[in-house]
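The values are calculated or read from the model by the stated rules, or taken from the named source; none is laboratory data. Because the structure is a prediction, the values reported are computed rather than measured. Heads up, the Cβs are rebuilt from the backbone with ideal geometry, glycines too, and the neighbour counts pull from every protein chain shown.
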Amino acid sequence: MPLEIVRNDITKMKVDAVVNAANESLLGGGGVDGAIHYAAGVELLEECRTLGGCKTGKAKITGGYKLPAKYVIHTVGPIYEDGKHGEKALLESCYRESLALAKAHDCETVAFPLISSGVYGYPKDQALKVAIDVISEFLLKNEMMVYIVIFDKAAYKISEKLFSDIAEYIDDNYVHEHTKYLCGSIRMNAPMISYTNFEKTDDLAAKLRQIDESFSQMLLRKIDEKGMTDAECYKKANIDRKLFSKIRSDINYKPSKPTALAFAISLELSLAETEEMLRKAGFALSHSNKFDIIIEYFISRGNYNIFEINEALFAFDQSLLGA
Ligand code: ADP
């Protein structure tokens, strides 16, 4: 099951386990640690006292007490010095150990804060990348719904370079609604994206058959052509198994646009193929929509990492792909 980035206070998350960015004493502190202890009540501190602390990069589990979550997984992130003191390996270990503990306790839903990214000083864009890399790798082999909880927008930062690249791409391609009305037509240097399906091929009959293909049929055909399993495809699409089964069993299923795009990304379709797949679901990519332009930015660069795409969509206040 998928990974989602949400903006929330982690103490409000109704999940099986919330992860706490604790310190080695496990006896409470500031930031998210303080918020979790405050919301869970003193019993949490009492249980923590029995644990004998926790080493950096490791994790321990307790009850959730007054929290909506059943468990709290306490993990100790590294204090960031200069990136040359094993900080990354330790931070990766925090996510891995926490996920392993959650799995051992049959948790189906887990929420993480951005560990080490507060007073421990880990650069936020890199902290986010570590979180996404480790969690998405775990999700390829495990069924779990994982949330990365971003407390405030200021705490959220994709790399400056990526942000400014995308912002520039949007600027170059965005067709403002008012431009359309003022000029009576869409600016010539920013046309609607339109791609022809038919490359030169002798196999015209096969192509013609594909015209009548439904979204679901095209999806299943592409999965076969790419030599993927169903599970590989829906996991990479950040789509849960139930939704995939629904699409699989209903030949006329009409997915939402983010779902259709999530599959296009998972299948690593070209822009032309992405357009074709979207059309089957009754959608198109346009340049009057930031969401579409961001998707186009990634596809045209051959970057099909759905989690990175979602990071960028989140940073630009757009809805996310998949779940
Ligand atoms: P660390 O010591 O590991 O850096 P902090 O608690 O200082 O831990 O910060 C970790 C991250 O948690 C920061 O990005 C901070 O903005 C965020 N944070 C703080 N309070 C909350 C909360 N209630 N819910 C979710 N995230 C929070």
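With respect to Y122, is the statement that it is buried (at least 23 other Cβ atoms within 10 Å of the Cβ), part of a loop (DSSP other than H, G, I, E, B) and hydroxyl-bearing (S, T, Y) true? Judged against the criteria, Y122 is a match. When each of G63, G77 is tested for being more than 14 Å from the ligand (Cβ to nearest atom) and either within 18 Å of V6 (Cβ to Cβ) or not aliphatic (A, V, I, L, M) (or both), the lone residue that passes is G63.
Taken over region 28-46, the criterion of being modelled with pLDDT of 95 or more and either charged (D, E, K, R) or more than 10 Å from the ligand (Cβ to nearest atom) (or both) is satisfied by D33, H37, A40, G41, V42, E43, L44, L45, E46.
Can you spot a residue in region 235-242 that is surrounded by fewer than 21 Cβ atoms within 10 Å (Cβ to Cβ), closer than 24 Å to I5 by Cα, modelled with pLDDT under 95 and of a type outside the set (D, E, K, R)?
Looking for residues that are surrounded by fewer than 21 Cβ atoms within 10 Å (Cβ to Cβ), closer than 24 Å to I5 by Cα, modelled with pLDDT under 95 and of a type outside the set (D, E, K, R), one finds none in region 235-242, hence no.
The condition of being in a loop (DSSP other than H, G, I, E, B) and within 15 Å of the ligand (Cβ to nearest atom) holds for only one of E92, E24, that being E24. Taking the criterion of being part of a strand (DSSP E or B) and either within 8 Å of the ligand (Cβ to nearest atom) or among the basic types (K, R) (or both), the residues of region 125-150 that qualify are V149, I150. Counting the residues of region 27-72 that are outside any loop (DSSP other than H, G, I, E, B) and either acidic (D, E) or within 15 Å of I115 (Cα to Cα) (or both) gives 12.
The residues in region 95-124 that are polar (S, T, N, Q) and more than 11 Å from the ligand (Cβ to nearest atom) can be counted, and the count is 2. Look at region 96-117: where a residue is under 22 Å from G83 (Cα atoms) and a partner is modelled with pLDDT under 95 and away from the ligand (no atom under 16 Å from the Cβ), sitting 6+ places away or on another chain with Cβ atoms under 8 Å, you get R96/F138.
Here R49 does not fit the description of being within 13 Å of the ligand (Cβ to nearest atom), of a type in the set (K, R) and assigned by TED's automatic domain parsing to the domain that holds S117.
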